[in-house]
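For reference, the structure discussed in these notes is given below.
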Amino acid sequence: MPEKKEVMDIGILERATLEGTAGEEKIKRVAVVGAGTMGRGISQLIASKGIDVILIERHEEGAKEALEKLDASMDAEIARWTMTESEKKAILSRTTVTSDIQGTIYGDLVIEAVTENLVIKQNLFRKIDQICDTETIFVTNASALSITEIASVTGRQDKVIGMHFLNPVPKIPVVEIVRGLKTSDETFKLVKEFSETLDKTAVEVYEYPGYITTRVIVPMINEAMYILMEGVASAEHIDTAIKLGYGFSRGPLATADMIGLDELMKWMETLFRELGEAKYRPCPLLRKLVRAGHLGVKTGKGFFEYPTAG
């Protein structure tokens, strides 16, 4: 097993040169801010395509924990024969994990993957807007929030765009590229090309609450929760019926657990607030589980139990 990396001092990095001959990759190094489930997945995917990644978490302890979880998740893939030891070693060799937000200056592209909260995202974008080169493109992995509102706190609204990845990031073959009202065609083109480098099918979306995937999946998950709460069927039977009946690889309640019930509730609250439709109002059972700390896969328990999670 390759030796585990340590959290690194960002000062060791040198600025990657953006200039080059025609045909060279424009994106040579990516900074990912937020080392939760999505941030780690995005970082792993990018590094697996031969691009250097700086994964940034707020505190050093969180950065160390993120590195440990990234290492452990790849070990699990190796155990399932979906990754080799050499692939893991290559990914880690291209990944720098740090707690220094100044590391964003080294990214040709900066991807934000923090919690689904408008104020938190705006505060982050306001900060990195002062750090990064004026030509650096900022990407948000928001699932339902307004790209335009997030971009409004920066001096580069034409260079802010959404890339809504789905979990697990390395496995899901689609990404929604979401334009804000002021996102330029040049920004969209570069990010679309970057998506293709990651072997993702890029779907162009014009800003609207929930985009495509979130807006479509939330009502189905919410209705499944109501079916469970009303005692119509068990969680297992609800998911079995939908999986086998419609050819889905995962049922709605297992999907909710995979997303994270706290994140899912934020999506629903955003959609309900923006669109005012009852189908987006979070089911009381969801609120109950979130209050209890049963958030799905990441905590080991949600609608189902995950003994090996954590």
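The values are calculated or read from the model by the stated rules, or taken from the named source; none is laboratory data. Keep in mind that this is a model prediction, so the values were computed, not measured. All Cβ positions, even for glycine, are placed from backbone atoms using ideal geometry, and neighbour counts span all protein chains on display.
What the table shows:
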quantity: Complete set of residues in the stretch 81-113 that are under 21 Å from Met163 (Cα atoms) and in a helix (DSSP H, G or I); calculated: Ile101, Gly103, Thr104, Ile105, Tyr106
quantity: Single unsatisfied condition, Arg287 versus (1) more than 22 Å from the chain's Cα centre (by Cα); (2) at pLDDT 95 or above; (3) over 17 Å from Glu116 (Cα atoms); calculated: (3)
quantity: The stretch 133-184, residues that are more than 22 Å from Leu264 (Cα to Cα), β-branched (Val, Ile, Thr) and touching a Phe, Trp or Tyr at 6+ places or on another chain (Cβ under 7 Å); calculated: Val153, Thr154, Val160
quantity: Test set (1) closer than 23 Å to Lys200 by Cα; (2) in a helix (DSSP H, G or I); (3) under 21 Å from the mean Cα position of the chain (by Cα) - Asp71 fails condition number; calculated: (1)
quantity: Any hit, the stretch 54-68, residues being in a helix (DSSP H, G or I) and in contact with a helix residue (DSSP H, G or I) (Cβ under 9 Å, 6 or more places away or on another chain); calculated: yes
quantity: Residue in the stretch 116-138 that is over 20 Å from Phe194 (Cβ atoms) and not in a helix (DSSP H, G or I) present; calculated: yes
quantity: Positions within the stretch 220-278 being free of Cβ contacts under 8 Å to residues at least 24 places away in the same chain and of a type in the set (Ser, Thr, Tyr), in sequence order; calculated: Ser234, Thr240, Tyr246, Ser249
quantity: Lone unmet requirement of (1) more than 17 Å from Val203 (Cβ to Cβ); (2) among the β-branched types (Val, Ile, Thr); (3) free of Cβ contacts under 8 Å to residues at least 60 places away in the same chain for Ile128; calculated: (3)
quantity: Qualifying residues in the stretch 192-223 (those that are closer than 22 Å to Arg273 by Cβ and hydrophobic (A, V, I, L, M, F, W, C)) - the one surrounded by the fewest Cβ atoms within 10 Å (Cβ to Cβ); calculated: Val216
quantity: Test: residue in the stretch 236-247 that is of a type in the set (Gly, Ala, Ser) and crowded, with 20+ Cβ neighbours inside 10 Å; calculated: no
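Matching residues to (1) within 23 Å of Glu65 (Cβ to Cβ); (2) of a type in the set (D, E, K, R); (3) in contact with a strand residue (DSSP E or B) (Cβ under 8 Å, 6 or more places away or on another chain):
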site	(1), (2), (3)
Glu236	no, yes, no
Arg250	no, yes, no
Leu253	no, no, no
Arg273	no, yes, no
Tyr280	no, no, no
Cys283	no, no, no
Gly296	yes, no, no
Phe303	no, no, yes
